[in-house]
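Everything on this sheet refers to the single structure shown next.
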Amino acid sequence: MKRPGDKRMTTNKTESKSTEPNILLTTFGRYTRGKIIGEGGAGNVFEATDEGGKRFAVKLLNPVKSSSDKRRRFKNEILFGVKNEHKNIIKIVDHGLYGENLDTPFYVMPLYEETLRGLVKKGIPQEKVLPYFAQLLDGVEAAHLQGIAHRDLKPENVLHDKASDLLIVADFGIAQFNEEELYTLVETRATDRLANFQYAAPEQRERGKQVNHLSDIYALGLILNEMFTGAIPLGSGHKTISSVAQEYSYLDDLVEQMRRQSPAERPSSIERIKELLIVRKNDFVSQQTISKLRNVVIPSNDLDDPIVNDPIRLVGADYDDNRLLILRLSQPVNNKWVDAIRTLPVAASVLGMGPNDFRFMGDVATIPATERDAQQTIDHFKQWLVGVKERYRELVKSEKEANERKARQELAIRLADAERTEKIRKSLRV
């Protein structure tokens, strides 16, 4: 029980705040906390320096507001940021615990001096808007492909790296993760707002509505318009892209689609938005996919092929009683690789026998050989592997480019048909 005049039992917020440690420790790092650079509902972001003087940003969960829900979201945010390898999504480089009982989490990320909000305020040159927007699409799509909806997209949450001129999507604090229960409300409690009101989709403003990747598409539509005009297109009669950049007037229709009140009427995915931009000759827009090989998001102009990424190597050799040389390969070959080795422009034969005389099955290549010829055959085969590496890459790339050309042509036809149908529909009078 507190006794009158017992100062040991007296606390106040100012004293508590002033005695917070400025040193943050992780397993392998030590960071000195500096000035605050951002505030949120669940925590704050500070500047920090490591022992070598390199500057970082540190996000600390506020222990006072640290509910179980917020701790879980913070944990998911860390797990996602640590494993992320996409250049347009924030990378978490370290994390740890702080506080008297070391029970409050924090994480460390690169420090960027500017945000998309800053770029918009200064005015983005019209010719740079779509390349920037393509980067923003890439970052959000990379999250979507991994089953993660951001749910709080706004220019303040998009960082800008001046050195590389890259946009980086950050602050996944209220993102909907696969392993998380579905949170569908703008507010889980009166004090726990889940999205910035200006960029929140209609379904985020009503209780009980599903909030998913289509809510991000709504916010992206507002941001696209704002990047051109400096104004958020809320309601009707808003400032349009065509009013400030006539050559980009076709984007007004896209913005209107993206900000439809009904989620079902918006473009169904970032991929669909990119298709609409690609068919308009915006070649800087690239498709992405989840790599089955590395389980990361990659741009489709990369050749996501197991043999391209890890070229065939000779890892073993044997010789059996039937005078058959057996070569063990680093991974199974496919028909395209076999075609590549058999169509090498220059392939020196071994005593009259060349790549066409090998039999390939899975990760094994066999060829008849005498005891005297076996080693010479192995040496020649290793030389062929050097040549087939590039030959195989050329075949894969050529096939991929042909498929992309065909897909683009088919998309252009579908879009032209849709636009023609819409034109006819609008011309009808009753």
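Wholly within the stretch 1-97, which strands (runs of 3 or more DSSP E) include no fewer than the required count, namely at least 2 residues that are within 27 Å of the chain's Cα centre (by Cα) and at pLDDT below 90?
Details: elements: 23-25, 30-39, 43-49, 55-61.
Answer list for the stretch 1-97: 30-39, 43-49.
What do you reckon, is residue 119 open to solvent by 10 Å² or more (accessible area, probe 1.4 Å) and not in a loop (DSSP other than H, G, I, E, B)? Walk me through it before giving the result.
Working: open to solvent by 10 Å² or more (accessible area, probe 1.4 Å): yes; not in a loop (DSSP other than H, G, I, E, B): yes.
For residue 119, the condition - open to solvent by 10 Å² or more (accessible area, probe 1.4 Å) and not in a loop (DSSP other than H, G, I, E, B) - is met.
For the stretch 163-213, residues that are of a type in the set (Asp, Glu), over 25 Å from residue 86 (Cα atoms) and at pLDDT 55 or above total 2. Across the stretch 81-113, the qualifying residues are those that are in contact with a His (Cβ under 9 Å, 6 or more places away or on another chain) and buried (at least 16 other Cβ atoms within 10 Å of the Cβ), and the one among them that is farthest from residue 28 (Cα to Cα) is 112. Do the conditions hold for residue 78, that is, is it touching a His at 6+ places or on another chain (Cβ under 7 Å) and either of a type in the set (A, V, I, L, M, F, W, C) or surrounded by 15 or more Cβ atoms within 10 Å (Cβ to Cβ) (or both)? It is true that residue 78 is touching a His at 6+ places or on another chain (Cβ under 7 Å) and either of a type in the set (A, V, I, L, M, F, W, C) or surrounded by 15 or more Cβ atoms within 10 Å (Cβ to Cβ) (or both).
Against the condition in contact (Cβ under 8 Å) with a residue 60 or more places away in the chain, open to solvent by less than 50 Å² (accessible area, probe 1.4 Å) and within 30 Å of residue 254 (Cα to Cα), how does residue 385 come out, does it pass? No, not satisfied. At least 1 residues being of a type outside the set (D, E, K, R), modelled with pLDDT of 90 or more and open to solvent by 60 Å² or more (accessible area, probe 1.4 Å) is the threshold, and among the strands (runs of 3 or more DSSP E) wholly inside the stretch 219-321 those reaching it are 314-319. Pairs are defined by a Cβ separation below 8 Å, a sequence spacing of at least 6 or placement on different chains, a first member in the stretch 394-418 that is closer than 17 Å to residue 336 by Cβ, and a second member that is open to solvent by 80 Å² or more (accessible area, probe 1.4 Å) and not basic (Lys, Arg); the pairs so defined are 395/339. Looking for something of a type in the set (S, T, N, Q) and open to solvent by 80 Å² or more (accessible area, probe 1.4 Å) - is there at least one such residue anywhere in the stretch 367-374? No, the conditions are met nowhere in the stretch 367-374.
The values are calculated or read from the model by the stated rules, or taken from the named source; none is laboratory data. These numbers were taken from a predicted model, which means no experiment stands behind them. Note that we place each Cβ from the backbone using ideal geometry, even for glycine, and neighbour counts take in every protein chain shown. The protein model used for the area step is the full one, side chains on, heavy atoms only, and it has no ligands, DNA or RNA in it. Shrake-Rupley method; radii C 1.70, N 1.55, O 1.52, S 1.80 Å.
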